Amino acid sequence: MRFRTLKQLVELCERENKSFGRLMLEEQANESGRSEQEEFRKMSEYYAIMKEAVRKGLTEDTTSRSGLTGRDAQRVMQYMEGNETSVGAVAAEAMANALAVSEVNASMGRIIATPTAGSCGIIPGVFVSSQKRFGWNDDTMTYALFAAGAIGYVIANNSFVSGAEGGCQAEVGSAIGMAAGAMAELRGGTPSQAAHAVGLALKNTLGLICDPVGGLVEIPCIVRNGFGAVNALAAADMALAGVRSVIPSDEVIQVMLEVGSSMPEKHRETAKGGLAQTPTGKKIMDQLYRKGSPKQTAADAAGNDAGAQTEKKD
Ligand code: SF4
């Protein structure tokens, strides 16, 4: 790749009059030795899988094997049908889509890791709802996935994209940054605006710990994806309006590295701290790993009815 930072990416795009997405497609083809057509086809297949995950999460039973989570995306959609949502229909739909894909992941369905499975809902959440709203075709969305990939490439090479290394800021935070930059570009923003969207988004998740209850990518991961989709839209809008990340986005990425490196091990996917070690989190963990039927007991501990739904189906 000819770039390692967002600054270099923006400069290249400006010099060659290309979008993040167009430039990344060319760079990726050069790097892999495959043709641009082949790279594009592969990426468009990934987008098809994302769309299918949204559909599945909104229409099928997504109760997880633990029984802890499932069907929250459908709850949001049902709520939207009869109510004016506080965040507005656009953000609510992106949120529901993100929850849907994360729930498909938790129920062992097929997703695309963007950048990880834990944060797989945010990009499809934003993309699928925005495609419907603005009428973009699949090729446009595929280019936007390359744009998101370019941003993810920079973050991964300068900081982290995994919760075990850098906390949830690295997973959910990176996904929000990727979605925000790509969305800014989709809406006609300049490369500079897309880069500002990344920095604006990342600043909002700095310090976010990774604390999955029971070590499962369910609680709080799924709802963080829902929130992430809304934040990505907000960051894109701020950047398009001319709001700048005063601390340059590359420096924000460096801060993510600094914060993640000093994060205690208990807050990096070990389930030894944070929400995982609350009284309820510990109770769920205990029931999941030491006693009885995980589906029912863990759901009971969580105080939801997901386990009961699963039991009925079984
Ligand atoms: S809490 Fe941890 S496992 Fe869950 S999404 Fe965040 S980084 Fe991934």
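The values are calculated or read from the model by the stated rules, or taken from the named source; none is laboratory data. All values reported here derive from a predicted model rather than from experimental measurement. As a convention, Cβ positions derive from the backbone with ideal geometry for all residues, glycine included, and neighbour counts pool all protein chains shown.
For every residue, the table says whether it meets (1) aromatic (Phe, Trp, Tyr); (2) closer than 27 Å to CYS221 by Cβ.
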site: GLN28; (1), (2): no, no
site: GLY33; (1), (2): no, no
site: GLU38; (1), (2): no, no
site: TYR47; (1), (2): yes, yes
site: GLU52; (1), (2): no, yes
site: THR63; (1), (2): no, yes
site: ARG71; (1), (2): no, yes
site: VAL76; (1), (2): no, yes
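Condition test on ASP138, is it modelled with pLDDT of 95 or more, more than 17 Å from ALA113 (Cβ to Cβ), among the acidic types (Asp, Glu) and crowded, with 24+ Cβ neighbours inside 10 Å? It is false that ASP138 is modelled with pLDDT of 95 or more, more than 17 Å from ALA113 (Cβ to Cβ), among the acidic types (Asp, Glu) and crowded, with 24+ Cβ neighbours inside 10 Å.
Results for (1) surrounded by 16 or more Cβ atoms within 10 Å (Cβ to Cβ); (2) at pLDDT 50 or above; (3) of a type in the set (Gly, Ala, Ser), shown as yes or no for each residue.
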{"position": "GLY273", "(1), (2), (3)": "yes, yes, yes"}
{"position": "ALA276", "(1), (2), (3)": "yes, yes, yes"}
{"position": "THR280", "(1), (2), (3)": "no, yes, no"}
{"position": "TYR289", "(1), (2), (3)": "no, yes, no"}
{"position": "PRO294", "(1), (2), (3)": "yes, yes, no"}
{"position": "ALA299", "(1), (2), (3)": "yes, yes, yes"}
{"position": "GLY307", "(1), (2), (3)": "yes, no, yes"}
{"position": "THR310", "(1), (2), (3)": "yes, no, no"}
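Which of the residues that make up segment 151-172 are within 11 Å of the ligand (Cβ to nearest atom) and surrounded by fewer than 22 Cβ atoms within 10 Å (Cβ to Cβ)? Matches in segment 151-172: SER162, ALA164, GLU165.
Annotation: of all residues in segment 173-207 being within 16 Å of the ligand (Cβ to nearest atom), crowded, with 24+ Cβ neighbours inside 10 Å and not hydroxyl-bearing (Ser, Thr, Tyr), the one that is nearest to GLY242 (Cα to Cα) is ALA201. The set of residues in segment 113-125 being buried (at least 24 other Cβ atoms within 10 Å of the Cβ) and either in contact with a Leu (Cβ under 6 Å, 6 or more places away or on another chain) or not aliphatic (A, V, I, L, M) (or both) consists of THR114, PRO115, GLY118, SER119, CYS120, GLY121, PRO124, GLY125. Residue pairs whose Cβ atoms lie under 7 Å apart, sitting 6 or more positions apart in sequence or on different chains, and linking a residue in segment 209-225 that is within 14 Å of ALA117 (Cα to Cα) and charged (D, E, K, R) to a partner that is assigned to a helix (DSSP H, G or I) and near the ligand (Cβ under 8 Å from one of its atoms), are ARG224/CYS168; ARG224/VAL172. Scanning segment 141-167 for residues that are of a type in the set (A, V, I, L, M) and more than 17 Å from GLY118 (Cα to Cα) yields MET141, ALA144, LEU145, ALA147, ALA150, ILE151, VAL154. Look at (1) touching a helix residue (DSSP H, G or I) at 6+ places or on another chain (Cβ under 9 Å); (2) surrounded by fewer than 24 Cβ atoms within 10 Å (Cβ to Cβ); (3) closer than 25 Å to GLU185 by Cα and you find that LYS42 fails only one, number (1). Taking segment 1-33 as the range and being in a loop (DSSP other than H, G, I, E, B) and either farther than 21 Å from ASP138 by Cα or in contact with a strand residue (DSSP E or B) (Cβ under 9 Å, 6 or more places away or on another chain) (or both) as the test, the residues that pass are MET1, ARG2, PHE3, ARG4, THR5, ASN17, GLY33.
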